[in-house]
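J.: Please find one structure pasted underneath; my questions will follow.
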Amino acid sequence: MRHDPTAREPVAVTNVAGLRDYAFGSSTISWWGVMGFMLIEGTAFVLAIGAYYYLLHNETTWPPSSSPPPLLWATVFTVALVLTEIPNVWLGRKATQKQNAAVRWGLLLMTLLGLATLVLRAVEMDAMNVRWDRTAYGSIVWALIVLHTMHMLTDVFDTGVLAALTWSKPFGGRKHSGVADNAMYWHFIVWGWVAIYVVIYWTPRWV
């Protein structure tokens, strides 16, 4: 094919060089990834809670062969976990405002608070009055607690990594977006546990 010298060369109709390479919320793939993960894991929680109530329906007493689980350390853990939402919400806002110093300190604080709540979780588990292999009731209670603990470990690790990255090198919009998504996932961990806490610790006292 011959080249037509009179043909117009393609020209750029706009310059996108100034566009940001990051965004917040539903404009990012990472946000949708976190939402999808929460949906999947939330479904796992719902199925496990469904198994709990299925077992309850088939027992004459609940819990079978044991007293209701002790409230003290579970309640201390739950209150502490809910209180972490105060700095977590603050951190999410500072991330969207791209305030680097606040984000650095907020990530460090959330990492330390996450580790502290994991210690409280260990105390709660030690105080549990039923073994996981004793009855089906014990198995489902421990399954719910361990499942939630794994999510906590995942997010505390992720928060620690983000903290290390922001303290060790300069960072910009992409990291801010990641911090905001990480804060959103901590919401899921906190309020997901509140529902599980009611199921495990208060259902035996109400039925």
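J.: What is the range 51-207's relative contact order, in percent, from Cα pairs under 8 angstrom and six or more apart in sequence? Let's see the in-between values first.
T.: On the way: 141 pairs, mean separation 59.0, N = 157.
Over the range 51-207, the number comes to 38 percent.
J.: Can you tell me the dipole magnitude for the range 35-173 around its Cα centre, using point charges on the Cβ only (Lys, Arg +1; Asp, Glu -1), in Debye to the nearest 20?
T.: Dipole magnitude for the range 35-173 comes out near 540 debye.
J.: Express in whole angstrom the spacing between the alpha-carbon centres of the range 88-109 and the range 110-166.
T.: Each part reduced to its Cα centre gives a spacing of 24 Å.
J.: Can you tell me which of THR159, THR111, THR28 moves the most in a GNM of the chain? Springs connect C-alpha atoms under 10 Å apart.
T.: Residue with maximal mean-square fluctuation among THR159, THR111, THR28: THR28.
J.: Let me ask something additional. Rounded, prolate or oblate: which fits the range 43-87 when a ≥ b ≥ c are the square roots of the eigenvalues of the alpha-carbon gyration tensor, with rounded for a/c under 1.5 and prolate only if a/b beats b/c? Working shown, then result.
T.: Values: a/c = 5.65, a/b = 1.61, b/c = 3.50.
Verdict is oblate for the range 43-87.
J.: In degrees, nearest 10, range 0 to 90: what is the angle between the Cα axis of helix 85-96 and the longest Cα principal axis of the chain?
T.: 10
J.: Fewest first, what order do ASP181, ASP155, ASP126 take by the number of other Cβ atoms within 10 Å?
T.: Lowest count first: ASP126, ASP155, ASP181.
J.: Could you list the square roots of 5 times each eigenvalue of the Cα gyration tensor of the chain, that is, the equivalent ellipsoid semi-axes, sorted largest first and rounded to whole Å?
T.: Values: eigenvalues 435, 98, 28 Å².
In descending order the semi-axes read 47, 22, 12 Å.
J.: To continue, here is another question. Anyone know which of ILE189, ILE29, ILE145 comes out most mobile in the 10 Å Cα GNM of the chain?
T.: Its mean-square fluctuation being the largest, the pick is ILE29.
J.: Name the most mobile residue of THR117, THR84, THR43, meaning the one with the largest mean-square fluctuation, in a Gaussian network model of the chain with Cα contacts below 10 Å.
T.: Among THR117, THR84, THR43, the largest GNM mean-square fluctuation belongs to THR43.
The numbers here are math on the coordinates, done by the rules we state, and not lab data. Just so it is clear, the model here is predicted, and its values are computed rather than measured. Here the Cβ is made from the backbone with ideal geometry for all residues, glycine too, and neighbour counts use every protein chain on show.
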